[in-house]
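So the structure is just underneath, and the comments pick up after that.
The values are calculated or read from the model by the stated rules, or taken from the named source; none is laboratory data. Predicted, not measured: the structure shown is a model, and the values here were computed from it. As a convention, Cβ positions derive from the backbone with ideal geometry for all residues, glycine included, and neighbour counts pool all protein chains shown.
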Amino acid sequence: MIDARKFYINGAWVSPHAEADRVVIDPSSEEAYATISLGDQADTDAAVAAAKAALPEWSAASKEHRLAILRKVLDVYKRRSAEMGEAMSREMGAPHDLSHGIQTGIGAMHIQAFIDTLEKFDFERTLRDDTPNDRIIYEPIGVCALITPWNWPMNQVTLKVIPALAAGCTMVLKPSEEAPMSSLLFAEILHEAGVPAGVFNLVNGNGTGVGTQLSGHPDVAFVSFTGSTRAGTAISKNAADTVKRVSLELGGKGANIIFTDADPDAVQRGAIHCFNNTGQSCNAPTRMLVERSRYDAAVQEAIETAEAQAVDIAAKTGDHIGPMINQTQFDKVQSMIDVGIKEGAKLVAGGTGRPQGLNRGYFVRPTVFADCTNDMDVMRQEIFGPVLCIMPFDSEDEAIEIANDTPYGLTNYVQTADPKRANRVARALKSGMVEMNGNFRSAGAPFGGFKQSGTGREGGAWGLEEYLEVKAVGGWFPEA
């Protein structure tokens, strides 16, 4: 059993103020393999105090100094990438190849992208060419509370910690208590890279404990949260009393619109994307809308893709999906599959229970529902598992209407060979992101959603500006 009870506060590993152990479960085996502590108010206060004390010096550090630190962070992160891959695979069940591949690699990508952004970012600029005596100044917002989820640990940690460092902010990170081991390793990486004491702090805890304490803390100026819409609502309410800025990256129920002229691999690609990371991605294309002339063939392709999708333990190499994160998520997905059956959706692949040969671990069968309607709960609720729901449409306008008929608005997808239609539909979709014909967004593109998918953006200049206040100065002396 790994002892990981200590927190990282003010540049040192410290014991919690009170004993509150929590075990970390390997979801492939359902066995405990590490013990962490859940912080209390005293731990939260100590971490915030350290961040507050470090803020004046770090916020005054030059851009060149912050860039040097970030480049060192990237170097150390790459050198310890094998450890990071192993940590994420064990804590949240990402298969070996996924964890050591994109789950780890995306962290390095974000660090590099923010280095590139910071190099080009001008913290002081004129308002316009004809207003030499007006100055726009970007300043760090202050102490930040960063609350991250378990499903893409390093994706979310680097999307928050790195821009905060780049902006000159200090921070307290509360990773998910379900998957804290990668964040503890990340704290070691920052320490080794020379991030000054107090600039970065980490306290483990749960949402109702440390999460609530951070979001309502009077010395915290900004909260960045990724997780469920329910938790995001609670954080916003708690933060309102101190009028702090809040950025939320929440749930999704992405529509994947497949027109008749879409490329031959569109359905298979969409189904695989839905099942990837065991469906535990907020931007998964879980609603597949197919033009009626291609609908029957698409259903058959989705069935074949689901039946060919291997499921196995995280430690194994190869192309397969792993378990759900925990018993709660396993039970939720099982329950939602039952809901779909009772609602009248046609179960054409998968279903309840574990895949054959896996009698232990939180494994779910890749599942496909056909003949869905957009009023069904399985089409409206974020299931967060490998469950694909398919329904037909007859016209472009109908497809757009169905796609937008959701409380969410994170990522939608369009598959068509018609360039004008692709762009037209992308403009009409009410979501923060649209990906077309299998083309992913590039590094540095903003990540975030409309409606109940959240507020704010992460990544690139948009992600950096989340951590900055804007000051407008009149009467500036250009030559002084």
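Being touching a residue at least 40 places away in the same chain (Cβ under 8 Å) and over 26 Å from Phe393 (Cβ atoms) is a condition met by no residue of region 252-266.
Do we have any residue at all in region 358-365 that's over 22 Å from Ser89 (Cβ atoms) and either outside any loop (DSSP other than H, G, I, E, B) or of a type in the set (Val, Ile, Thr) (or both)? No, every residue in region 358-365 fails to be over 22 Å from Ser89 (Cβ atoms) and either outside any loop (DSSP other than H, G, I, E, B) or of a type in the set (Val, Ile, Thr) (or both).
Could you please give the count of residues in region 95-140 that are in contact with a Pro (Cβ under 6 Å, 6 or more places away or on another chain) and exposed (fewer than 15 other Cβ atoms within 10 Å of the Cβ)?
Taking region 95-140 as the starting set, the residues that turn out to be in contact with a Pro (Cβ under 6 Å, 6 or more places away or on another chain) are 114, 132.
Subset that is exposed (fewer than 15 other Cβ atoms within 10 Å of the Cβ): 132.
Residues that pass the stated criteria total 1.
Would you call Gly438 of a type outside the set (A, V, I, L, M), touching a helix residue (DSSP H, G or I) at 6+ places or on another chain (Cβ under 6 Å) and buried (at least 19 other Cβ atoms within 10 Å of the Cβ)? When the stated conditions are applied, Gly438 does not pass them. Within region 88-99, the only residue that satisfies the criterion of being in contact with a helix residue (DSSP H, G or I) (Cβ under 7 Å, 6 or more places away or on another chain) and either in the same structural domain as Val364 (by TED's automatic domain parsing) or over 20 Å from Ser176 (Cα atoms) (or both) is His96. Just one of the listed residues (Ala82, Ala94, Ala61, Ala18) is assigned to a loop (DSSP other than H, G, I, E, B) and farther than 25 Å from Leu214 by Cβ, and it is Ala94.
The set of residues from region 366-387 being polar (S, T, N, Q), within 27 Å of Pro27 (Cβ to Cβ) and in a loop (DSSP other than H, G, I, E, B) comprises just one member, Gln381. Pairing each residue of region 340-355 that is of a type outside the set (A, V, I, L, M) with any residue that is assigned to a strand (DSSP E or B) and surrounded by 19 or more Cβ atoms within 10 Å (Cβ to Cβ), provided the two are 6+ apart or on different chains, yields C-beta distances under 6 Å for Gly340/Phe369; Lys346/Ala370; Gly350/Thr367; Pro355/Val311. The residues of region 21-45 that are in contact with a Lys or Arg (Cβ under 8 Å, 6 or more places away or on another chain) and of a type in the set (Asp, Glu), listed by number, are Asp21, Asp26, Glu30.
Are any of the residues in region 303-318 within 19 Å of Cys282 (Cα to Cα) and either surrounded by 15 or more Cβ atoms within 10 Å (Cβ to Cβ) or basic (Lys, Arg) (or both)? Let's see the steps before the verdict.
In the first step, residues of region 303-318 are kept if they are within 19 Å of Cys282 (Cα to Cα); the result is none.
No, region 303-318 has no match at all.
Across region 337-354, the number of residues qualifying as surrounded by 20 or more Cβ atoms within 10 Å (Cβ to Cβ) and either assigned to a helix (DSSP H, G or I) or of a type in the set (S, T, N, Q) (or both) comes to 2. Any residue at all in region 290-311 that's closer than 22 Å to Ser29 by Cα and either of a type outside the set (A, V, I, L, M) or assigned to a helix (DSSP H, G or I) (or both)? Yes: one or more hits.
Of the candidates Arg269, Arg294, Arg287, the single residue that is in contact (Cβ under 8 Å) with a residue 24 or more places away in the chain, of a type in the set (D, E, K, R) and surrounded by 23 or more Cβ atoms within 10 Å (Cβ to Cβ) is Arg287.
At least 2 residues being assigned by TED's automatic domain parsing to the domain that holds Arg457 and closer than 30 Å to Glu31 by Cα is the threshold, and among the strands (runs of 3 or more DSSP E) wholly inside region 104-197 those reaching it are 143-147, 170-174.
Scanning region 312-337 for residues that are under 17 Å from Glu30 (Cβ atoms) and of a type in the set (Asp, Glu) turns up Asp312, Asp331.
Determine whether Gly85 is buried (at least 19 other Cβ atoms within 10 Å of the Cβ) and free of Cβ contacts under 8 Å to residues at least 60 places away in the same chain. It is true that Gly85 is buried (at least 19 other Cβ atoms within 10 Å of the Cβ) and free of Cβ contacts under 8 Å to residues at least 60 places away in the same chain.
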